[in-house]
Every structure is written in structure tokens, then in C-alpha cells.
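Below: the structure, in C-alpha cells.
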4 protein chains.
Amino acid sequence: MAFTAADAQFERRTRESFAKQGIMAHLGAALGSVAAGRVEISLPFRPELSQQHGFFHAGALSTIADSAGGYAAFTLFPPEAGVLTVEFKINLMAAADGEHALAVGEVIRAGRTLTVSSIDVFVDKAGRRTHCATGLATLMTLVGRSGVQG
Amino acid sequence: MAFTAADAQFERRTRESFAKQGIMAHLGAALGSVAAGRVEISLPFRPELSQQHGFFHAGALSTIADSAGGYAAFTLFPPEAGVLTVEFKINLMAAADGEHALAVGEVIRAGRTLTVSSIDVFVDKAGRRTHCATGLATLMTLVGRSGVQG
Amino acid sequence: MAFTAADAQFERRTRESFAKQGIMAHLGAALGSVAAGRVEISLPFRPELSQQHGFFHAGALSTIADSAGGYAAFTLFPPEAGVLTVEFKINLMAAADGEHALAVGEVIRAGRTLTVSSIDVFVDKAGRRTHCATGLATLMTLVGRSGVQG
Amino acid sequence: MAFTAADAQFERRTRESFAKQGIMAHLGAALGSVAAGRVEISLPFRPELSQQHGFFHAGALSTIADSAGGYAAFTLFPPEAGVLTVEFKINLMAAADGEHALAVGEVIRAGRTLTVSSIDVFVDKAGRRTHCATGLATLMTLVGRSGVQG
């Protein structure tokens with residue numbers, strides 16, 4: 001699936017919006033590659049992200065997965081349009097035990113109002129990568145509104 | 001749906017496990033009421049939890065929703081059993097604009113291996129409560145293992 | 001959750017639309033009660049609806065659940081508006097072993113563009129009702145279009 | 001993702017189980033290719049499968065998608081094991097307007113107890129293929145039981 005961005009400034013817009021997400025800095029997440037229809041977010045492990053067994057909490061993975069899926073959609077939006085997560089679903093397939101997590105969001109279908117992205121999370125431990133989570137997100141294009149669902 | 005806990009110490013076990021989730025302290029979340037099959041988690045807003053418009057990030061809400069749904073299931077588990085989130089799905093129904101979020105997890109069906117919980121998130125602003133998110137989670141009982149999916 | 005229909009003719013519109021769903025007659029499903037924001041669909045068991053163990057196939061249950069959730073939303077739509085299922089998720093919580101299935105769709109949140117419905121399926125066997133499936137559906141209002149997603 | 005079947009007779013077992021699903025014959029669905037971890041099911045359009053606009057009903061697509069995802073998992077199970085759909089989620093991305101639908105189920109992760117499959121549905125019209133639906137399913141291995149969730 002190859003997509004063409006409607007706005008040549010999509011990467012700049014995406015990085016500016018990401019920088020406004022206070023939770024990303026709070027978790028320690030960083031925006032990686034930003035391509036038309038595909039975005040990566042990385043997150044180093046630290047105890048502040050853990051569940052009761054000391055691994056990444058599903059919520060931490062879901063947070064970077066949600067943003068990766070949302071920004072993947074956002075890269076294809078026209079300038080001035082905002083993005084809203086309508087819903088997402090995620091399967092936690094393996095214990096997220098590792099030093100580093102990587103969320104990849106990729107647009108599957110881009111529509112005028114709704115876009116569907118796949119969201120996947122990989123965790124690296126001692127040089128070995130595990131596909132820990134996979135999901136789907138539905139995103140909405142917000143045009144001519146303040147970015148808040150009406 | 002009224003459930004009876006298999007372990008009279010379910011509340012103590014639940015509070016001890018919650019205290020081990022590093023991400024809860026990091027986000028500022030607190031465990032509220034813990035009943036058999038029903039758990040509440042509250043989260044005051046702060047800029048470190050925001051998305052790009054200054055509201056609660058969907059990931060912050062999903063994190064407390066996931067834990068609320070998981071611990072609702074956990075309250076019904078036998079002693080020594082661990083809980084694992086298999087998957088969850090969440091609909092973000094309204095902008096999470098407010099001073100405080102409350103996640104409620106409630107068991108819908110408790111099975112030997114799998115349990116299904118509803119997960120709902122409410123946000124309070126100026127005394128008005130909005131039902132911001134609703135979802136479903138599938139949880140797995142882990143018995144005789146170290147609490148990690150095999 | 002009490003909703004007020006925008007169109008006083010909502011029940012007639014709903015029954016007319018249901019009658020056009022060829023699959024409902026083919027499965028043997030019947031539209032039950034139609035209220036503002038809540039719709040029931042019933043389905044008697046027959047071998048033509050079975051999975052490999054002789055129970056209702058999850059797809060048969062999902063089909064009536066999807067229509068129940070969609071029509072629950074549709075009852076709240078303005079005249080001339082069509083309904084489209086954006087996505088749904090369903091948990092199959094118990095073997096659907098019985099003589100009769102009942103799907104209940106109920107609106108949780110009605111928005112201008114998107115509506116969220118809960119979808120639940122109950123199966124009756126020898127006078128005992130089991131809550132076999134629960135899910136969530138996202139529906140879209142289609143206005144001024146031919147009822148087909150653009 | 002390449003998988004090795006635990007049972008060399010996986011294709012025969014899969015075809016025998018499919019033949020027992022009464023709903024498949026009733027809808028007119030046929031089992032296509034059966035490989036280790038990947039199964040296809042095809043479904044020609046007929047008015048008995050339609051929604052109110054004359055296209056494939058989402059339930060018809062979900063039914064073949066559910067079976068494709070379930071049998072993809074089943075191909076990797078040991079002999080004597082049954083398969084149960086725990087839950088699935090599906091996004092309807094485009095109007096399912098066409099002569100023929102094809103559901104593809106592919107295992108993403110095979111676990112001892114739980115397996116995750118992707119489910120995709122394509123619709124052909126006048127020689128053009130559209131990716132109409134995508135989803136995820138969670139399947140459970142049933143060993144030493146009669147194939148019914150306990």
C-alpha cells in the first residue's frame with residue numbers, strides 16, 4: 001500500500017503535533033520515521049512503564065500504538081485537518097519483556113472521513129525482536145473544527 | 001451481574017498487585033473501590049497526560065481502563081493466579097476534556113480460562129460527568145505459571 | 001440511556017429497511033421490538049445456521065447482532081439518512097447451543113456522524129437464557145448520499 | 001510468517017470440519033486453499049446475502065471471515081483439538097459491491113492456548129478487486145473436551 005500525502009508538509013505537521021502530546025515526553029517516547037501513511041514511535045523501557053510483573057504495561061504499548069496509528073492517518077490529511085481516534089482494538093500476543101518497544105502505524109485504507117490503520121508493537125530484548133501486539137485503529141478527519149469531536 | 005470471589009483476600013491481593021504497576025504511579029492513577037468483579041481507577045488530569053489538544057490522551061484512558069478491566073477479572077481469580085490481558089477494544093466517544101477521569105471495569109462473564117470485562121471511562125469537568133470511552137477486554141487466568149504468557 | 005428519535009416515523013423506516021436485507025429472510029431472522037435507540041432481532045435455530053459442533057455459527061449471531069446495532073442507531077437518524085457499519089467487535093462468551101437466539105442492539109452514544117451501539121446476543125435452551133455474546137459497533141450516518149460509503 | 005503444521009493431516013481435518021458447518025452451504029460459501037496457517041473461503045454474491053442497499057451484508061462477510069480465521073488457526077492445532085472463536089473485530093472499509101467475496105485468514109501468532117489470526121475480505125466486481133474488510137480474531141485451542149467452551 002503506497003500512499004501519496006495531500007500536503008507536502010506532512011512530516012513537519014506530524015512532528016509539531018507529536019511534540020504537543022504531553023504524554024509522549026512523560027513516557028519517554030520518541031517519534032521515529034514519518035512517511036506518507038506510516039509512522040514509528042519508540043519507547044525505551046523504564047520501571048515507570050511497568051505492569052505488576054515488571055514488563056511494559058499494555059497501556060504504555062497501547063498509548064504509543066494509538067499515536068502511531070493516528071499519525072499514520074494524519075500524514076495523509078489535508079493541511080488544517082485534525083485527527084481523532086474513533087476506536088482501536090489491540091491483541092497482546094506476548095509478554096512485553098524487553099529494553100525497548102517500537103510501535104508501527106500503517107494506513108490500510110484512507111477515506112474522506114474515516115481512515116483505518118494497523119498498529120503493531122515490537123519489543124527488543126538482547127538483540128531479539130518479538131512481535132508483542134497487533135491491532136487496528138479507526139481514525140476520523142476533523143476539518144474546519146477546533147479538533148474536538150462535535 | 002453479581003459475582004462471588006473465590007478468594008476472600010481478593011481486595012488485598014488486588015491492591016498489592018496494583019501497587020506493583022509502576023505506570024500507575026507515573027501517571028498519577030489511584031485504585032478506588034475494589035469489589036468482586038468490579039474495580040475503579042481514578043486519574044486526575046495533568047499536562048503530562050495530554051494529547052495535542054490538551055485533553056487526556058486516549059492512551060492514558062486506555063491504560064487505566066485496561067487495568068480496571070484486568071483487576072475486575074482478577075478479583076474473581078483463585079489465590080496464586082495471575083491475570084493477563086489477551087486483548088481489548090475501546091471506543092473514544094467524546095473529547096476527554098476535564099479535571100479527572102474514572103475508569104470502571106466490570107466482569108461480564110467469568111470463565112475458567114478466559115474472562116470478559118466491560119471497560120468504561122468517565123471524565124468530570126466543572127461538576128458534569130461525560131461518558132468518554134467504552135470498551136471490552138478479554139483476560140486470561142494464569143495458574144501455576146510465573147504470570148507470564150507461555 | 002433514553003433517546004428521542006429525530007423522526008417520528010423511525011419504526012416504519014426501520015421495518016422497511018430490515019425487509020430489504022435479503023440475508024435476514026435467508027437466515028430466518030425476524031425484527032422484534034423497535035424503540036428509539038434499541039432494536040431486537042430474533043433467530044430460531046436450524047441446521048443451516050450451524051458451525052461444526054451443531055450450535056449457532058458465530059457468523060449467524062454476528063449477522064443479527066450487526067443489524068441490531070445498526071438499526072438501533074438508525075432509529076435515531078433523521079429521515080433520508082442511511083446507516084453504515086464502520087466496524088464491530090464481538091466476544092463469543094459461551095457455546096451458542098439452543099433453540100433460539102435474540103440479538104439486542106442499544107445505542108450508547110449518538111453523534112452527528114458516528115454512533116456507538118452495544119450488541120448482545122442471548123440464546124434460549126429449554127427455558128434457560130444464556131448471554132452468549134457481547135460486542136460494540138460503530139455506525140456512520142449517511143446523509144445526502146446514496147447510502148454507499150464514498 | 002511461515003508456520004509448520006503439527007498434524008500432517010491438517011488439510012483433511014480442516015475440510016472435514018468445514019463440511020460440517022451448515023451455514024457455509026446455506027450461504028453458498030466454498031473452502032478454497034488450505035495451507036499451514038492460512039485459509040481462504042469464497043462466497044459468490046446472491047440476493048439472499050444482501051443488506052438493504054443490495055450489497056453483501058457485513059454479517060455474510062463476517063461469517064466467512066470468522067471461519068477463515070478460525071480454520072487458519074485450526075490447521076496448526078494437534079489432531080483431536082477443536083477450535084473456538086473467542087472474539088473478533090472487523091472494519092468494513094468499503095461497500096461490498098461485487099459478484100464474489102474472498103475471505104483470507106492468516107495466523108499472526110500461534111500459542112498453546114490462544115492463537116491470533118488476521119481476517120481480510122476482498123470483493124471482486126468486473127475484474128477489479130477491493131479490500132472491503134479487515135479484522136483480527138482470537139481463537140482458542142480446545143483439547144480433551146468435546147469442542148464446547150466450559
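Since every read-out is calculated from the coordinates, none of them should be taken as a lab result. Note that this is a predicted model, so its numbers are computed, not measured. Quick reminder, even Gly has a Cβ in these numbers, built from the backbone with ideal geometry, and neighbours come from all protein chains shown.
Distance between the modelled labels on residue D:112 and residue C:3, one decimal in nanometres: 4.5 nm (7 Å Cα→Cβ projection). Summary for residue D:44: label point 7 Å along Cα→Cβ; distances to the equivalent points in the other copies, ascending, 3.0, 6.1, 6.7 nm. Within the listed set D:38, D:128, D:12, the Gaussian network model of chain D (springs between alpha-carbon atoms below 10 Å) gives the highest mean-square fluctuation for D:128. Of all residues in chain B, the one whose Cβ lies closest to the rotation axis carrying B onto A, together with that distance in whole Å, is B:89, 2. Mind checking the log10 I(q)/I(0) for region A:49-150 at q = 0.15, 0.20 Å⁻¹? Debye, one equal scatterer per Cα, no solvent, two decimals. Rounded to two decimals, the profile gives -0.60, -0.89. When the Cα positions of A:84, A:119, A:55 are compared along the charge dipole of chain A, A:84 comes out farthest toward the positive end, with charges on each C-beta of Lys, Arg, Asp and Glu.
Among the aspartates and glutamates, which have Cα under 19 Å from the Cα of residue C:20 when same-chain residues fewer than 8 positions away are ignored? Reachable aspartates and glutamates: C:11, C:40, C:66, C:80, D:48, D:97, D:99. Relative to the Cα centre, the charge distribution of the protein assembly as shown, modelled as +1 at Lys and Arg Cβ and -1 at Asp and Glu Cβ, gives a dipole magnitude of about 0 debye.
Contact order for region D:1-66, expressed relative to its length and based on alpha carbon pairs under 8 Å spaced 6+ residues apart, stands at 25 percent. Checked against a 19 Å cut-off, the cross-linked pairs A:89/C:89; B:89/C:89; B:89/B:125 give Cα-Cα distances beyond that limit for B:89/B:125. Each Lys and Arg adds +1 at its Cβ and each Asp and Glu adds -1 at its Cβ; summed about the Cα centre, chain B shows a dipole of about 160 debye.
Relative to the longest principal axis of the Cα atoms of chain B, the long axis of helix B:58-74 makes an angle of roughly 20 degrees. Pick from C:62, C:50, C:117: which is most flexible by mean-square fluctuation in a GNM of chain C where alpha carbon atoms under 10 Å apart are linked? Greatest mean-square fluctuation among the candidates belongs to C:50. Mind running the shape call on region A:1-91? Use the C-alpha gyration tensor, a ≥ b ≥ c as the square roots of the eigenvalues: rounded below 1.5 for a/c, prolate if a/b tops b/c, oblate otherwise. It is prolate, given that a/c is not under 1.5 and a/b is the larger ratio.
For region C:65-92 versus region B:10-43, the spacing of their alpha-carbon centroids is 35 Å. Rounded, prolate or oblate for the protein assembly as shown? Axes are the square roots of the Cα gyration tensor eigenvalues, ordered a ≥ b ≥ c, and the cut-off for rounded is a/c under 1.5. Rounded.
For chain A, the longest principal axis of the C-alpha atoms and the axis of helix A:10-19 are separated by about 50°.
Counting, for every residue in D:22-31, the Cβ atoms of other protein chains within 10 Å of its Cβ and taking the mean gives 5.
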